Amino acid sequence: MSSGALRLWKNARLATFATGQGWGLVDGGALVCAGQHFVWAGPLRDLQMPSGELRAEHDLQGALVTPGLIDCHTHLVYGGDRAAEFELRLQGARYEDIARAGGGIRSTVAATRAASSAVLFQTASARAQALMQEGVTTLEIKSGYGLSAEHETRCLAVARRIGAELPVSVRTTSLGAHALPPEFTGRADDYIDEACTWLAAQQSAGLVDAVDAFCDTIGFTPAQTERIFQAAQRLGLPVKLHAEQLSDQGGAALAARFGALSCDHLEHLSAAGVQALRASGTVAVLLPGAYYFLRDTQAPPVQMLRDAGVPMAVATDHNPGSSPTLSLLLMMNMACTLFHMTPEEAWRGVTVNAARALGLPDRGQLLPGQRADFVVWNAEHPREITYRFGHNPCRQVVQAGVVSNFREPA
Ligand code: DI6
Ligand code: FE
């Protein structure tokens, strides 16, 4: 455990999300950080101050503190927007039909390739900051709008730069198998062959933490997805999957065979798919923003996932086509209203289970040894934060033991 200068936050109402303890509420709580980690998280009255210089002491006067929020599924780096496509959909055009006609993801690919890296960084970091204003301290960012060796690498480098320059942890995911780029029309297998070859260079440049694919009728087949997964597995990279969003392709069972960290979307997940996720310990990442914005009517099978004990996470899926939201707090409310998750499930979905979906066991709970990522709220109980919507009660964010933003109490 790191020692040295200590920082103390006292008189907090902690929601620790310790395993098996519900909210894990602790009144009169204290947090002590040494460097980037907690050395104490629990009742102030039980605190035995570790040795070391006490550099700062904050009295939170009873305010609620939770773990920092984790947005475990975003596509933050892209050029342009799809507001015109939204209008077309409102007039009756279907998302899949727009995609098949060369719009959709492909139109964002054209705008992304045309944008300079400076513009991609500036727009993506503004989006990251919007998420951080609500208490996000860890963020996953996928590529997938470059779809060539050069442009995928550029997008992953922009994602890495966000983690280097802003007070947020970034995990990068390579999503070359997001859509078929126009130069490969009619040659999806050739494209997959090529995309598999990019991973080693991305990995040696330190640009990739996991590999993802879009397995669906407008994406790639299970056989093509499997080839991407085999390439990832050869490099020792963990996999995730956009699975059963628009149709049931058996993607969850395929991903489970590869020990996937997560399967995401899952509106069309079957009972067999649920059992496959259970057996492999894969996290189900639910994305109410895309369900809402595409005006989907089939919700993911939350009760089956709950009954099977599959851990559930919740994320924004921020992207220009199907989920242009920048509010993880709103997604927590929607996970409850649209998917019938409980407020506590929604909270675990953006803390401890989101951490698991990223393969990060060092965060998501307020416990000694965890990273000192936490949020001070203008609220008395975490359930209030899932109840209101379009409201941001985030007062203060601490990331890796350092105060990273401050807002006066409302
Ligand atoms: N599913 C999604 O919801 C995003 N990607 C995917 O595979 C949407 C991407 C887009 O429409 O731009
Ligand atoms: Fe997505």
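The values are calculated or read from the model by the stated rules, or taken from the named source; none is laboratory data. Please read these numbers as outputs of a predicted model, since none were measured by experiment. Glycine gets a Cβ as well: all are built from the backbone with ideal geometry, and neighbour counts include every protein chain shown. Only protein heavy atoms, including side chains, enter the accessible area calculation; ligands, DNA and RNA are left aside. Shrake-Rupley method; radii C 1.70, N 1.55, O 1.52, S 1.80 Å.
Might you tell me the accessible area per residue for the chain, computed with a 1.4 Å probe and given in Å²?
Heavy-atom accessible area per residue stands at 37 Å².
Could you tell me how many degrees, from 0 to 90 and to the nearest 10, lie between the Cα long axis of helix 328-337 and the main elongation axis, the longest principal axis, of the Cα atoms of the chain?
80 degrees
How long is the gain from Gln233 to Thr217 if the chain were fully straight, where each residue apart is worth 0.36 nm and the alpha carbon distance is subtracted?
Stretched out fully, the Gln233 to Thr217 stretch lengthens by 3.3 nm.
Relative to the longest principal axis of the chain, what angle (0 to 90°, nearest 10) does the C-alpha long axis of helix 188-204 take?
30 degrees
Which percent, nearest 5, of DSSP beta bridges in the chain are antiparallel?
Among the beta bridges of the chain, antiparallel pairing accounts for roughly 45 percent.
Would you report the distance distribution of C-alpha pairs in the chain as whole percents per 10 angstrom bin, up to the bin with the largest distance?
5, 24, 33, 24, 11, 3, 0
If the elastic network links every pair of Cα atoms under 10 Å, which of Phe38, Phe293, Phe121 fluctuates the most in the Gaussian network model of the chain?
Answer for the Gaussian network model of the chain: Phe293.
Which ³J(HN,Hα) values in Hz, rounded to whole numbers, follow from the phi angles of the range 131-143 under the Karplus curve 6.51 cos²θ - 1.76 cosθ + 1.60, where θ = phi - 60° and Gly and Pro get x?
Each residue of the range 131-143 in turn: 5, 5, 4, 9, x, 6, 10, 9, 9, 9, 10, 9, 7 Hz.
Taking the chain as a Gaussian network, where each spring joins two C-alpha atoms under 10 Å apart, which residue of Thr66, Thr221, Thr297 fluctuates the most?
Comparing Thr66, Thr221, Thr297 in a Gaussian network model of the chain, the most mobile one is Thr297.
What part of the accessible area of the range 1-159, given as a whole %, is carbon or sulfur when the probe is 1.4 angstrom?
C and S atoms contribute 51 percent here.
Using amide H atoms built 1.01 Å from N in the peptide plane, name the residues 5+ places from Val239, or on other chains, whose amide H lies under 5 Å from its own.
The answer is Val211, Leu261.
Take the Cβ-Cβ distance between Arg94 and Ala188 as r, set R0 to 22 Å, and report the resulting FRET efficiency rounded to the nearest 0.05.
Efficiency, from the Cβ-Cβ distance: 0.55.
Would you work out what percent of the accessible area of the range 288-410, with all protein chains in place, is carbon or sulfur (probe 1.4 Å)?
54 percent
Divide by every residue of the chain the summed helix terms, -39500 (n - 2.57) for each DSSP H run of at least 4, and state the resulting mean residue ellipticity at 222 nm, rounded to the nearest 500 deg cm²/dmol.
-10500 deg cm²/dmol
Got a number for the accessible area of Ser404? Probe 1.4 Å, square angstrom, nearest 10.
40 Å²
Can you tell me the orientation of helix 222-234 relative to the chain, as the angle in degrees between its alpha-carbon axis and the longest Cα principal axis, to the nearest 10?
Around 50 degrees separate the two axes.
Given a Förster distance of 45 Å, report the FRET efficiency between His340 and Ala126 from their Cβ-Cβ distance, rounded to the nearest 0.05.
After rounding, the FRET efficiency stands at 0.85.
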